[in-house]
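Just below is one structure, and these are the notes that go with it.
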Amino acid sequence: KQEVTQIPAALSVPEGENLVLNCSFTDSAIYNLQWFRQDPGKGLTSLLLIQSSQREQTSGRLNASLDKSSGRSTLYIAASQPGDSATYLCAVETNSGYSTLTFGKGTMLLVSP
Amino acid sequence: DTGVSQDPRHKITKRGQNVTFRCDPISEHNRLYWYRQTLGQGPEFLTYFQNEAQLEKSRLLSDRFSAERPKGSFSTLEIQRTEQGDSAMYLCASSSGGSNEKLFFGSGTQLSVL
């Protein structure tokens, strides 16, 4: 059974810092890995999707890397802003046809002004 | 594109009652998913529709749960004889399909069973 772990569970940083969120998964036979953002009481917003054949994806200040063989991914946020405060969730997909994602518990990020 | 809509946003019910939630996906999306999220946990997959066909169901979806997507548009998730353990956020997502698809999530329905 696939298990996804995210470290740290919570992180508090001052505005402007660069930070790294970590995700690990137990079964390396994944199809893709995705990072989502969730604001309190809201649904999820897709941030980045890395296909199993890719090593990284970038979107603005966000960069996600994937090391499939070691079962690890990192989400790098550059020059953090208070608006980045949210819970960040990592999810892996093991099906090739549709999205039965297995999620981690998330990292709750607080960026202080 | 008005996004994925879920109704109601909040539902409080007594144990043993039946509840029904509705999800309206993005209009051109043919895939629809239901996930469940409890406090402090990540979402867990419940079920998946391709148009009106329910193609995958998680073992989490006990026989008290039923989902439909008539005509391949909106979807309903019904829970019969609710239990306190059913208390959770029920999330709906839709996509246009294809490999490595991007899911668009609604804001969820928060269910509290007293």
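The values are calculated or read from the model by the stated rules, or taken from the named source; none is laboratory data. On a predicted model such as this, the values are computed, not experimentally measured, just so you know. Positions of Cβ are generated from backbone atoms using ideal geometry, with glycine treated the same way; all protein chains shown enter the neighbour counts. Protein only, heavy atoms only, side chains kept; ligands, DNA and RNA dropped before computing areas. Shrake-Rupley method; radii C 1.70, N 1.55, O 1.52, S 1.80 Å.
At 1.4 Å probe size, with the rest of the protein present, what percent of the exposed accessible area of the range A:3-83 is carbon and sulfur atoms? Walk me through the intermediate numbers first.
Numbers: 1890 of 4000 Å².
Of all accessible area on the range A:3-83, carbon and sulfur atoms account for 47 percent.
Averaged over its residues, the range A:62-113 has an accessible area of 37 Å² per residue, based on protein heavy atoms and a 1.4 Å probe.
Computed over all pairs of different Cα atoms, the Kirkwood value for the hydrodynamic radius of the protein assembly as shown is 18.1 Å.
Ranked by the mean number of other Cβ atoms within 10 Å of their residues, highest first, the peptides A:17-25, B:41-49 come out as B:41-49, A:17-25. Rolling a 1.4 angstrom probe over the protein heavy atoms with all chains in place gives chain B an accessible area of 50 Å² per residue. Computed over every Cα-Cα pair of the range B:1-88 and binned at 10 Å starting from 0, the pair-distance distribution P(r) comes out as 16, 50, 30, 4 percent. Projected onto their three principal axes, the Cα atoms of chain A cover extents of 41, 28, 20 Å, largest first.
For the residues of B:25-38, the average number of beta carbons from a partner chain within 10 Å of their own beta carbon is 1. Within the range B:53-95, the proportion of C-alpha pairs whose separation exceeds 11 Å stands at 74%.
Accessible surface of B:Lys11, taken over heavy atoms with a 1.4 Å probe and every protein chain present, rounds to 80 Å².
I'd like the mean, over residues of B:96-107, of how many other protein chain beta carbons sit within 10 Å of each residue's own Cβ.
Numbers: counts 0, 3, 2, 8, 11, 7, 4, 10, 4, 7, 3, 5.
Per-residue shielding by partner chains comes out at 5.
Reducing the range B:1-48 and the range A:24-64 to their Cα centroids gives an inter-centroid distance of 22 Å. When chain B is treated as a GNM with alpha-carbon contacts under 10 Å, the residue of B:Ile12, B:Ile26, B:Ile79 showing the greatest mean-square fluctuation is B:Ile12.
Would you tell me the mean number of C-beta atoms belonging to other protein chains that fall within 10 Å of each C-beta in A:100-108, as a whole number?
Working: counts 9, 8, 4, 7, 2, 3, 5, 0, 1.
Per residue, the average neighbour count from other chains is 4.
Rounded to whole numbers, the Karplus 3J(HN,Hα) couplings from phi for the range A:21-34 are 10, 10, 9, 10, 9, 8, 10, 6, 7, 9, 8, 7, 10, 10 Hz, using 6.51 cos²θ - 1.76 cosθ + 1.60 with θ = phi - 60°, and x at Gly and Pro. In this structure, the amide hydrogen of A:Arg61, modeled 1.01 Å from its nitrogen in the peptide plane, lies closer than 5 angstrom to no residue at least 5 positions away or on a different chain. Taking chain B as a Gaussian network of alpha-carbon nodes connected by springs under 10 Å, the highest mean-square fluctuation of the residues B:Gln80, B:Gln54, B:Gln17 belongs to B:Gln17. Solvent exposure of the range A:1-51 amounts to 48 Å² per residue of accessible area, where only protein heavy atoms count and the probe is 1.4 Å. Summed over both chains, the area buried between A and B is near 1800 Å², taken from the accessible surface of protein heavy atoms with a 1.4 Å probe.
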